[in-house]
Structures are given as C-alpha cells and as structure tokens.
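Heads up: the structure comes next, in structure tokens.
The values are calculated or read from the model by the stated rules, or taken from the named source; none is laboratory data. All values derive from a computational prediction rather than experimental measurement. Neighbour counts run over all protein chains shown; Cβ positions are idealised from the backbone, glycine included. SASA here: full protein model, heavy atoms, side chains in, ligands and nucleic acids out. Shrake-Rupley method; radii C 1.70, N 1.55, O 1.52, S 1.80 Å.
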Amino acid sequence: MNYMSAPMTQELLALVGKAEADENVRAIIITGGVAGKFITHYSVEELAQSAADPAECARTFPQLEIGFHRLLDRIMLMPKVVIAAINGDCMGGGYELALACDFRLAADGPYQIGLPECVLGILPGGGGTQRLPRLIGRAKALEVMLFGNVYPPREAERMGMVNRVLAPETLMGFAKNWAKTLARRPPRSIAAIKRAVYL
C-alpha cells in the first residue's frame, strides 16, 4: 500500500540530506514506487501499535513525530526545488509530504488526495494544519480537514491542492521538464526565493 512509516521517514531523511549536500543535484522529484500509490497515508498499524501501550507511546511517539517533522521541514527549506509527482493515492502523511514540496503535479486517475485524519479521531500531525491553509486558504483547508474529505485529482486541482493534473503517461516527463528548467535557474535565486516565501 506504500504507507509512510518511521523507517521510511529515516530513509527519506538520509536521501534528502545526501541530495541537499550534492552540488550537482539542482532539483528533486519525489514519486511513489508502487503503481497507483504516491504514499497512501501514514501507517495506521504503526500508529496503533504505538498507542497500544500509553506509557511506551508517551516515551517513543515524540521522537517519531520529531523525525517526521524534521523530514518535511528539510524538504520545504532545502535550497533546491522539490517536486512531488503524485502518481496515486496521496492522503494523510503522504499528502503532508507533498505539501512540503514546492510543487505538486498529479496524474489523472481514480484515486484520492487529502487529509482524512479527523475521521479516525486524530489530526494531520505532520504540518498539514499549517501548510494546507497557507496553500488554499483557511476556510477551504478547514473544510478539507474537519470533514476529512478526500478528492480525486481534478477536484484537488480546482481547489488549489495540486498545481497541475496530467495524463498518467506524461506525469514524469512533465515533472522532469520542470526540474530541468528550474535546475538551470541561478541556485542562489532559488534558495533566496524559497527562504522568503517559507520563512
């Protein structure tokens, strides 16, 4: 199902750090490695296991949450362009990862994008409560999060949750063209604009 998990978070954090340090890398594309799945959502099984023992949860969950936030903040504040090429289900922690990217490009198709955590009795814990209102406005973001709605790609595009919806076969080509164009921009300009926008 391509769930986000603590080990995946650590692996992505290491990869992001490596890409950030490599001067030859000027733009990054993140996409799902499973057909029809970007990142379905954060592993509910992992969260449930963590919550099964309240004392253990109180001890370990803050570190888990800090690791996830560290990853998303690192992506957002990286002085290089990061593009999410959404190729399938992108909800909860998966959409929070996409929100941390500079651009969200989505393949058209019968899948869902959104932050449905409220339906499960939790909240978007990876910055979605801050990043989504800044992207689409407070009223629309509250509608998305309080109702726990998820949207097909075209509706997500209409609401401003993604930049573009593309035919599935053109998604990666389009993302690569954007990445190549942006990689040719002066890197100090890219970094300064991102800092000014995000901070």
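Any residue that is closer than 23 Å to P133 by Cα, open to solvent by 20 Å² or more (accessible area, probe 1.4 Å) and at pLDDT below 95 - is there at least one of those in the range 55-65?
Yes, because at least one residue in the range 55-65 is closer than 23 Å to P133 by Cα, open to solvent by 20 Å² or more (accessible area, probe 1.4 Å) and at pLDDT below 95.
Which one of the conditions (1) open to solvent by 50 Å² or more (accessible area, probe 1.4 Å); (2) of a type outside the set (G, A, S); (3) closer than 21 Å to Q112 by Cα; (4) in contact (Cβ under 8 Å) with a residue 60 or more places away in the chain does L97 fail to meet, given that it meets all the rest?
Tallying (1) open to solvent by 50 Å² or more (accessible area, probe 1.4 Å); (2) of a type outside the set (G, A, S); (3) closer than 21 Å to Q112 by Cα; (4) in contact (Cβ under 8 Å) with a residue 60 or more places away in the chain, L97 fails exactly one: (1).
Among the residues of the range 111-121 satisfying the criterion of being aliphatic (A, V, I, L, M) and not in a loop (DSSP other than H, G, I, E, B), which is least open to solvent (accessible area, probe 1.4 Å)?
Result: I113.
Looking only at the range 31-50, how many residues end up being over 15 Å from the mean Cα position of the chain (by Cα) and either of a type in the set (D, E, K, R) or over 21 Å from N2 (Cα atoms) (or both)?
Adding up the residues that qualify gives 2.
Could you tell me how many of the residues in the range 138-188 are aliphatic (A, V, I, L, M), within 12 Å of I113 (Cβ to Cβ) and touching a residue at least 24 places away in the same chain (Cβ under 8 Å)? Write out each step before concluding.
Step one: list which residues in the range 138-188 are aliphatic (A, V, I, L, M), which gives 139, 141-142, 144-146, 150, 156, 159, 161-162, 165-167, 171-172, 175, 179, 182-183.
Applying the additional criterion that residues be within 12 Å of I113 (Cβ to Cβ) yields 144, 150, 156, 159, 161-162, 165.
Going one step further and asking which of them are touching a residue at least 24 places away in the same chain (Cβ under 8 Å), we end up with 144, 150, 156, 161-162, 165.
Qualifying residue count for the region: 6.
Among residues belonging to the range 83-94 that are open to solvent by 10 Å² or more (accessible area, probe 1.4 Å) and not acidic (D, E), point out the one that is farthest from L72 (Cα to Cα).
Filtering first and then ranking leaves N87.
Looking at the range 122-129, can you tell me whether even one residue there is in a helix (DSSP H, G or I) and at pLDDT 95 or above?
Taking the range 122-129 and keeping what is in a helix (DSSP H, G or I), we get 128-129.
Those still in the list that are at pLDDT 95 or above too: 128-129.
For the range 122-129, residues in a helix (DSSP H, G or I) and at pLDDT 95 or above: present.
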